[in-house]
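These notes are about the structure you will find just below.
Read-outs throughout are calculated quantities, based only on the coordinates presented, and are distinct from any laboratory measurement. Everything numeric in this text was worked out from a predicted model, so none of it was measured. Cβ atoms come from the backbone with ideal geometry, glycine included; neighbour counts cover every protein chain shown.
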Amino acid sequence: MPTSDEDTETDRASASTPPPSKKKKGKALKERRAQKYRSEWKTNTKAFGDDVSCWLDSDKTTQFKAKCKWCDTSVAANVTTIISHSKSGRHEKEREKRKSNSRLDLYVSAAAEPSLSQRKKIQSAEIKLSACLAAHNVPFQFIDHLVPTLQSAFPDCNILKGIQMKRLKTTRIVTNVIGAVHKEDLCETLLKVKFSVLTDESTHFNVKTAATAVRYFDKNEGEHGKIVVRFLDLSDVFPKGDYDAANEGASGKRLYELLVACFEKAGIPLDNLMGLGCDGASVNIGDHNSVISRLRVSCPGIILMRCVCHSLHLAARDACKCLPKSCEDMARGIHSFLQHSSKRVAQFAEFQDFLEVAQHKMLLLSLTRWLSMRDNVVRILEQWEALRLYVTQHRFEDNTHAAENLYKWLSCPIMKAYYLFLSWVLDKVTAMNAYFQGSNVLITSLHEKMREKYKEILQSFMKPVYLSRTALTDVNPSAQDQYVPLVNLYLGVEVHQQLQHEAFVKHPENAEIFRKCCRGYLVELCKGIRDRFDFNDPLLEALPVLKPKNATSIARRFNTSIIPFADLVPRAKPKDMATLQLLDDQWRNLPLDDIPRDIIEEKEVDVFWARIGKITDGEGNSKYAVLSEFVLSVLSIPHANADVERIFSKITLIRTRLRNRLITPTVEGLCLASECVKMRNKCCCSFEPSPKMLDSMTSHNLYGYGKDSSNDVPAGGMDRAVNNTDDPDDPDPIDMSWFEA
């Protein structure tokens, strides 16, 4: 038995003895590195057998396991475990079953796992199908039937076999791939060039949205480059749940915040912003609390361009108040009397055939559509006699107040004289309106065209001596002492002939009243044009110098230096003196250079300056690079807002009565995708997805989950899992085309 001293020595020895170095078995297993599945195992026939490619695959739920497709089981992703499974009795039984059709099994396995190039072809086909739907405003639900139909029609096409997409995936491809890549490319371009912005608001299906488009020089457009307009953004003015925005309303502050947020979200600096194109609403162009008043603070020197198309239309519409109200009542009454009854339309066709006039429908008068007033007047004049005969016969049968009024108006030569006058004057206004709706560069001729048309209308009721001696900007359309006598009023040839009717000859007072009303219309029209268009704008007066014939001729220039012109566009003017001097030198040398004749005769102003920028010297250096860049920046200033109006026309075709649940981000993606497909005069048939679009075909980008790899979306398998609306037990499948979740 040990003594107390021995116990003490034992305790000391135990205290000084180090712990055993060998770890416990459980801890060793916990710290062992987990093996991931390796794709090269499928070709390791030496370790796993010749048929390994037929049964071995990765486990889709975890990367640390392998899956046997024959046994439908998962095992740990290590060589030993996989070899053990391949030699198990269960696996051997499955192998025996497949020996008879091993060749077919190998073929099926190869088809189930397409190669990388084949996968890219499948993804490209999916993008093309989605682009076709977006370009032609086809509902996303159509893809649920289109793909199976194509697969059944072409069973031998391997690419079609690999396509597996439905509504959700199609929506995401349109918005997150085609539209997103197109917008990203556009934003990258706007980082490098000067541009102008066009904006407008509209309400459709009780959803008020603000659309933004940009106008800039695209060097890839056409052979030499061209000024283009591209859609950039569509935002909800009153987003769901944003009660502060609802209380604020569509004010100048709110619209300015949406505009700036659009560029900040894309990382586009406002330093490149040249001008703003919008309509004449006070929230846009007012001196206080408007969009432009705030932009002038954040972007000093920005140029405001009111839409000339809006201005002309509003001037013509407001001038109609000087005419008898019965003119408008007759236009509306004809449409209501005929077009709301298919029986009357069929009866009216008999009179059209009898008089051998075209069987055109009567148009609805709309005071908000730019060209509708003129079209409505021309259509009524075309069908005047047929309408008069039809109403004469049927006014007794119908015995209605509307038919009686139409008979009275259509039988009145004075009413026809008013319509002939409107046809003459509206033809001039709408011709100018249609001209300035073009997307090409028209700002260099804007001032000249408006002066010509304004002076032409003034000459119809004012003394020529007064107009010749007075500056156009000082002419007062209300100066009654400068009016020509009523009998000398010019109202068009057809009106002059109509005034020979006995209703005017026997009753001169009718002719006097008619001429006074027409003169009042012309006066109000000229006043509306003068109030809405600034004829004293120094920039508009100076812009014609950029036309090819003026820029290449010393005699046509008002100043040999371009500095006075550059002072009018401070945001395009070079900041450093060296570049500014180089700009002036290139401008002064341009008319002295031997410019090729075909360049001088170029009709498009932007194409002319793009070609000027490509002229090189003997060493291959551009001779007019600075000048070309400066002028193309100036030419990006808009002359009208028609391009944004076209965006809302496109939205009307997208968000229809049957697709009214489409949310704004989806509508924006559809607009971007449609523009991407159709840009540069292409169509969905010739559209080819870019490499960036193919790289965006990932589950992370499409669905917001999964590994960010191009292999994540092989053929739309995830689409079936996420968007399974084909369940026959589901009485009301959710329409995921608008993806409101």
Pop a pseudo-label 7 angstrom from the Cα along the beta-carbon direction at both HIS145 and SER411 and give the gap in nm to one decimal.
5.4
Taking region 559-635, how much of its Cα-Cα pair set, in percent, is spaced more than 20 angstrom apart?
28
Peptide ranges 402-408, 591-597 listed from the most packed, as the mean C-beta count within 10 angstrom indicates
402-408, 591-597
Relative to the present Cα-Cα distance, how much length would full extension add between HIS288 and SER366 at 0.36 nm per residue of separation?
24.9 nm
Dipole moment magnitude, nearest 20 debye, the chain about Cα centre, only Lys, Arg, Asp, Glu C-beta charged:
1260
Find the eigenvalues of the gyration tensor of the Cα atoms of region 438-572, then list the square roots of 5 times those eigenvalues as equivalent ellipsoid semi-axes, largest first, in whole angstrom.
40, 15, 13
As an exercise, take the mean of 1/r over every pair of distinct alpha carbons in region 403-488, invert it, and state the Kirkwood radius in angstroms.
15.8
Based on the alpha-carbon set only, what is the convex hull volume of region 315-532 divided per residue, in Å³?
141
For the chain, percent of DSSP beta bridges that are antiparallel (nearest 5) comes out at 80
Among GLY492, ASN536, ALA358, whose Cα sits farthest toward the positive end of the charge dipole of the chain (+1 at Cβ of Lys/Arg, -1 at Cβ of Asp/Glu, about the Cα centre)?
ALA358
Just how large is the dipole of region 559-635 about the Cα centre, in debye to the nearest 20, putting +1 at every Lys and Arg Cβ and -1 at every Asp and Glu Cβ?
240
By how many nm would the segment from GLU248 to ASP537 grow when fully extended, if each residue of separation counts as 0.36 nm and the alpha-carbon distance is taken off?
100.7 nm
Report the extension gain between ALA503 and LYS161 in nm, rounded to one decimal, defined as 0.36 nm multiplied by the number of residues separating them, less their alpha carbon distance.
115.3 nm
Helix-derived [θ] at 222 nm for the chain: sum -39500 (n - 2.57) over DSSP H runs of at least 4, divide by residue count, nearest 500?
-15500 deg cm²/dmol
What's the long-distance tail for the chain, i.e. % of Cα pairs beyond 49 Å?
41
Step through the table entries LYS192/LYS240; LYS573/LYS682; LYS575/LYS623; LYS166/LYS361; LYS60/LYS128; LYS97/LYS166, compare each Cα-Cα distance with 30 Å, and write down the pairs that go over it.
LYS192/LYS240; LYS573/LYS682; LYS166/LYS361; LYS97/LYS166
Arrange the peptides 684-692, 207-215, 239-247, 279-287 so that the one whose residues have, on average, the most other Cβ atoms within 10 Å appears first.
207-215, 279-287, 684-692, 239-247
Compute the Rg to Rh ratio over region 548-685 from the alpha carbon atoms, using the Kirkwood formula for Rh, and round to two decimal places.
1.14
Output for region 248-357 (equivalent-ellipsoid semi-axes, sqrt of 5λ from the C-alpha gyration tensor, Å, descending) is 48, 17, 14
Check each of the GluC sites (Glu not before Pro) in region 188-230 and keep only those in coil by DSSP with at most 12 other C-beta atoms within 10 angstrom; list them in order.
GLU223
